[in-house]
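All remarks here apply to the structure that follows.
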Amino acid sequence: MQKAQDLLKLARMSASRHQGVTVKETGKAFDVNERTAQRMVYALKEVFPSNDHDVDSDRRRWWKLRDTSMIGMQGIYDRELVALEMGIRRAEREGANSEAEALQALRDRLLATLPSSHARRAEADAEAILEAKGYACRPGPKVKTSPAVMSIIAAALKGPYRMIIWYQGAQDAAPRQRLIEPYGMPLGTRHYLIGRDPAKETGLRRFRLDRIARAEITLEWFEKDKDFDLEAYAAQSFGSFHSDADVSRVVWRFSPAAAATAREFAFHPNQEMVEQEDGGLIVSFEASGLVEMAWHLYKWGDTVEVIEPAALRELVAGWQNDRISVLP
């Protein structure tokens, strides 16, 4: 029955996408050659007569399913509900409360469209799968954040609107009021708000969310720097912390015993890996956040050597424990 299932999946793709699907997209989605993809699109047209097509300026045909009533009859699958629940719980653990609330609202709307017996069964089956996967209750440390502050920041980012925060810096005896232009909110070991203080500086800086006592959104719109790229900005750091003065070329050498494990890691988006003749591995990238690097390197015991920078090599000296026998 796999072909029938694939045809239904293609119907969902064709109905849900604004333009529809092309033969090329079909081949990529199902990992089939162009001829097979053409046959699938033809079968879709035969089974769903309301499926028609448009031709774009590049003479590509986009197949769009107009009548979605049969798609709605499928309801929601247990695996789909599980994926939603896992997304909600990941977001909650990471302190992304606005994303968790949005996913919860989506889940509730989907369940509301199902007959009550189907909904109860899907929820029970999903909970059983979540427990088996270890997502129902996962131990370990997590960052404490204020849901109210997170919600206000999320609303300000949509504008984007300037916002007022009461922030207690490392040298402050009490929180001080600041006007901020928010640019982003990377989540990591610690959660940060990336923003600009228009009254004091032109550059961006990071504000730790756990140090924001209170936040208010204004209705004062501002224009973001059109060249700002959150992903590129985040890549300047190893973890959450960033300092321009701290940016360094980083080079680590993993021993042959740890190389296989190290190859499975993405230490940094712009990393380079070079294999060594003895089976070891060199990993290099450029970023700031030496303290967070030291925290991470401790997990590798004495199987990693810091070649550059000297400041990081000095930071980990004496802390590389040869009794750590289990790699990350």
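Each value in this text was obtained by applying a stated rule to the coordinates, not by laboratory testing. Since we're looking at a predicted model, the values are computed, not measured. FYI the Cβ positions are ideal-geometry reconstructions off the backbone, even for glycines, and counts take in every protein chain you see.
Annotations for the structure displayed:
- Total formal charge among the other residues, if their Cβ is under 13 angstrom from that of residue 106, Lys/Arg +1 and Asp/Glu -1: -3
- Peptide packing: for 278-284, 238-244, the average count of neighbouring Cβ atoms within 10 Å per residue gives the ranking 238-244, 278-284, highest mean first.
- Taking amide H as placed 1.01 Å from N in the peptide plane, residue 17 has no amide H partner under 5 Å among residues 5 or more places away or on another chain.
- Under the combined filter of DSSP loop state and at most 12 neighbouring Cβ atoms within 10 Å, the range 232-315 retains these GluC sites (Glu not before Pro): 264, 277.
- Interatomic Cα distance distribution for the chain, bins of 10 angstrom, percent: 5, 17, 20, 24, 23, 10, 2, 0
- Restraint check, 224/299; 24/224; 9/158; 158/200, Cα-Cα greater than 28 Å: 224/299; 24/224; 9/158
- Computed over the chain, relative contact order equals 10 percent, with contacts defined as Cα pairs under 8 Å that lie 6+ residues apart.
- Compactness of the range 205-328, expressed as Rg and Dmax over alpha-carbon positions, Å: 17.8, 61
- Label point distance in nm, residue 322-residue 274, each placed 7 Å from Cα along Cα→Cβ: 2.8 nm
- Computed over neighbours whose Cβ is under 9 Å from that of residue 250, the net charge equals -1, Lys and Arg +1, Asp and Glu -1.
- The range 2-72 - Kirkwood radius from inverse mean 1/r over Cα pairs (Å): 12.0 Å
- For residue 214, the residues whose modelled amide H falls within less than 5 Å of its own, excluding neighbours fewer than 5 places apart on the same chain, are 166.
- Residue 236-residue 8 pseudo-label distance in nm [points 7 Å out on the Cα-to-Cβ vector]: 5.0 nm
- Given charges at beta-carbon only (K, R positive; D, E negative), |dipole| of the range 147-233 in Debye: 280 debye
- Residue-normalised convex hull volume from the C-alpha trace of the range 169-273: 150 Å³ per residue.
- Span-like helix check, the chain: qualifying full DSSP H segments, with Cα axial length of 18 Å or more and mean Kyte-Doolittle of -1.0 or more, are 2-16, 34-47, 78-93, 97-112, 116-133.
- Using just its DSSP H runs of length 4 or more, each adding -39500 (n - 2.57), the chain gives a mean residue ellipticity at 222 nm of -12000 deg cm²/dmol after division by all residues.
- Amide H contacts under 5 Å for residue 190, placed H, 5+ residues apart: 240
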